[in-house]
Amino acid sequence: MLRAAERGFTLLELLICMAILALVSASTLGAFAAVARNAATGSARELALMVGENALVRARAAIAYASSPAQDGAALIGDRSWGLVPGPSSYVAGAQLRAAAPCGAQAALLLKLPVATAYDAPSERFTVVVTYPRDPCRAASEGAIAPDNAATVTLAETLPPSVYPPGQVLRRTVAPPARM
């Protein structure tokens with residue numbers, strides 16, 4: 001005879017619930033692993049964008065504070081000179097990718113990002129092309145990027161005219177202090 005007051009789950013119901021929970025957990029872990037793998041790629045692209053934006057900021061600063069022709073086109077500040085030279089130039093920017101855990105590394109991943117810039121003086125157009133690895137885990141240990149793993153980010157901007165046109169004499173009128 002069955003008692004009406006008995007309540008609870010049968011063993012079969014509990015086994016089915018455990019199987020469903022195991023399937024959901026396995027699929028969730030797979031999704032988390034995919035997100036972690038893709039995070040390193042996005043981080044490398046973000047680093048390339050930051051390097052490109054830094055180059056644009058330096059170009060804006062160089063054109064905004066252009067010097068007089070007597071200084072040969074370079075603004076002298078301390079022992080440094082600033083100027084925007086027409087034509088192409090290139091350098092290598094170092095970057096540190098801290099999201100290196102998907103690669104199996106314990107320390108941050110160091111990348112060498114080749115940067116190519118070009119300034120067209122007649123149109124005042126400045127272009128930056130930064131090369132970054134599609135898969136940072138495939139970058140060489142010294143940070144070099146293989147050609148089959150390379151992707152690029154291109155930033156271009158028409159620079160505003162200089163705040164201080166070359167040859168302009170700067171004068172500052174300072175009001176005398178007020179007397180009390």
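The values are calculated or read from the model by the stated rules, or taken from the named source; none is laboratory data. Since the model is a prediction, treat every value here as computed from it, not as a measurement. Positions of Cβ are generated from backbone atoms using ideal geometry, with glycine treated the same way; all protein chains shown enter the neighbour counts.
Only one of A99, A55 is modelled with pLDDT under 80, under 19 Å from the mean Cα position of the chain (by Cα) and under 30 Å from T131 (Cβ atoms); which? Even if it seems obvious, please write down each step before you answer.
Values: A55 fails: modelled with pLDDT under 80.
Only one candidate qualifies: A99.
Inspection of the range 121-138 finds no residue satisfying the criterion of being without any contact (Cβ under 8 Å) to a residue 24 or more places away in the chain and hydrophobic (A, V, I, L, M, F, W, C). Against the list (1) among the charged types (D, E, K, R); (2) without any contact (Cβ under 8 Å) to a residue 40 or more places away in the chain; (3) not in a loop (DSSP other than H, G, I, E, B), the condition E157 fails is (2).
If I go through the range 135-154 residue by residue, how many of them are at pLDDT 85 or above and either assigned to a loop (DSSP other than H, G, I, E, B) or among the β-branched types (V, I, T) (or both)? I'd like the intermediate steps shown before the answer.
Here is the first cut: in the range 135-154, the ones at pLDDT 85 or above are 145-154.
If we keep only those that are either assigned to a loop (DSSP other than H, G, I, E, B) or among the β-branched types (V, I, T) (or both) too, we end up with 145-146, 152-154.
The qualifying residues number 5.
In this structure, V115 does satisfy being on the phi < 0 side of the Ramachandran plot and modelled with pLDDT of 85 or more.
Looking at this structure, is A26 at pLDDT below 90, more than 21 Å from A116 (Cα to Cα), surrounded by 12 or more Cβ atoms within 10 Å (Cβ to Cβ) and hydrophobic (A, V, I, L, M, F, W, C)?
Details: at pLDDT below 90: yes; more than 21 Å from A116 (Cα to Cα): yes; surrounded by 12 or more Cβ atoms within 10 Å (Cβ to Cβ): no; hydrophobic (A, V, I, L, M, F, W, C): yes.
No, not satisfied.
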